[in-house]
Amino acid sequence: MDKKWFGLGRLNSKDVKSTTEKGNRDWNTSEKIYRQKDADKNHLSFGPYGSQLGWQGQFYSLISKHIYFKNIKSIFQYMNCLLLSATILGIVYLLISKYGKKLAAIWGIVFILSPWIVNFAKNLYWVEFTWFLPMLVGLAAVSPQIHIKHKNMVLALLAFLTIGIKASCGYEYISTVMAGMVLFPATDMIYYAASGDKNKAKELLKIILSLALGGLAGFFAVMCIHAYYRGNGNIISGLINIYHRDILRRTVLGSQNNFNSTNPSTMRSINASVFSVILTYFKFYTNAFKTDIILGIRGGYFILMTLLAFGFAWFRHKGEPIFSYLKDKEIVLLVLSMMATLSWIVLAKSHSYIHIHMNFVLWYFGYVQMCMYLIVVETLRYLKLYLNRN
């Protein structure tokens, strides 16, 4: 194996184990294992990380065979950053025409100042831009600037491709990614349904179904390819293997009755309650793990941010019928983006229990952006009202 490619993907060794100072399991990358001075390199057994197809690694490997460059790894990292930047710029640009400059600006600022978004940006495994490409497609579907012939067919194809690309690079966060794809069409559909425009609501429902069916087709296509490899050419056998070894281990479907592991951390994640895991993700700032929500705003304010956003949302239509809230697209976006984030935390409960060092990034699929937007806009509105009275 060429040493310059160590660490581009996760390669595990059956023979070398290590723990951190706190006693937690420390994942060994091939590079870390190779560099261990006390390791007998002649007896190491390496293998691919079989829980994903990992086509991003195949792409890097293919390119590297034809282009020799000492810092090719850095080139790939810059490429990932560039693709993420282009995707975010596309989202912000379409938000300007759809919701105005204020909302678009706050979305852009949160993306730029989020330590989570920035830290994932250049990672060669996570290829973060693939998380937000489906959201860009969904936003384009309801953008007043974009008009497409055979719209639903084109959207289904784009959803198939973008979700397929994401799934082929890793299944993590797939429910949130797919929910993010239909976030803006669903918001519009709720608005028109609450406003009594049934024809427009039906049109948007067709858009949502086109995106959802296309995305599911892309996901299951990748799953079948993955199953083909896991089943040694037998897709059914591979799907059964994935279900028993990965799905039960990572999702809410697993329990001590249908899954067993010698790893105590895995069993704790299996037995953890959904409510306790959800609660963990509202503790953005703990003694064990401290971070900013965005640069300069500590994570300890996360719950306050949530309470303020929902408080302002409630006061905006206080005393009005419930349909007043459903006809407020900004409030609907707030609620739906929270549901998108929670979809992975709940459905992949065991994964979320273990990977708290990563999964806080899920809050940036619109939720933090909408919280910040409502807080800023409503604060300015009340300030203006106060100054006008005086």
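Tabulated data for the structure shown
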item	result
Whole-number D in µm² s⁻¹ for the stretch 188-243, Kirkwood Cα-pair radius fed into Stokes-Einstein, 25 °C, 0.890 mPa s	185 µm²/s
Long-range HN-HN contacts of I293 with modeled amide H, under 5 Å	R298, G299
Computed over the chain: relative contact order in percent, which uses C-alpha pairs under 8 Å that are six or more apart	15 percent
Selected from I96, G57, N260, residue furthest toward positive end of dipole (the chain; charges at beta carbon)	I96
I67, I163, reordered so the largest accessible area comes first (probe 1.4 Å)	I67, I163
Whole-number accessible area per residue in Å² for the stretch 176-241, which is evaluated in the context of all protein chains at 1.4 Å	48 Å²
Y229, Y68, Y99, Y281, ranked by accessible area, largest first (probe 1.4 Å)	Y68, Y229, Y99, Y281
Protein accessible area in the chain, 1.4 Å probe - carbon and sulfur %	63 percent
Structure-based [θ]222 nm, the chain - -39500 (n - 2.57) summed over DSSP H runs of at least 4, per residue, nearest 500	-20000 deg cm²/dmol
Cα centroid of the stretch 210-289 to Cα centroid of the stretch 93-112, whole Å	34 Å
Computed over the stretch 277-390: relative contact order in percent, which uses C-alpha pairs under 8 Å that are six or more apart	30 percent
Solvent-accessible surface (1.4 angstrom probe) belonging to F312, in square angstrom, nearest 10	40 Å²
Nearest-10 value in Å² for the accessible area of Y382, using the 1.4 Å probe	90 Å²
Above-threshold pairs, the threshold being 25 Å between Cα atoms, out of K202/K349; K98/K283; K98/K151; K290/K349	K202/K349; K98/K283
Estimated FRET transfer efficiency when R0 is 25 angstrom, pair F323-V377 (beta carbons, to 0.05)	0.70
Mean Cα-pair separation over length for the stretch 257-319, i.e. relative contact order, pairs under 8 Å, 6 or more apart, %	19 percent
Phi to ³J(HN,Hα) by Karplus 6.51 cos²θ - 1.76 cosθ + 1.60 over the stretch 346-358, Hz, x for Gly, Pro	7, 5, 9, 4, 5, 4, 5, 4, 7, 9, 5, 6, 10
W116 - accessible surface, heavy atoms, 1.4 Å probe, Å² rounded to 10	20 Å²
Solvent exposure, largest accessible area first (probe 1.4 Å, DNA, RNA and ligands not counted), of S114, S97	S97, S114
Distance between the stretch 370-390 and the stretch 307-328 - C-alpha centres, whole angstrom	15 Å
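The values are calculated or read from the model by the stated rules, or taken from the named source; none is laboratory data. Keep in mind that what you see is a predicted model, and the values were worked out from it rather than measured. Because the Cβ atoms are built from the backbone with ideal geometry, glycine has one as well, and the counts that use them run over all protein chains shown. The area values use the complete protein model at the heavy-atom level, side chains included, leaving out ligands, DNA and RNA. Shrake-Rupley method; radii C 1.70, N 1.55, O 1.52, S 1.80 Å.
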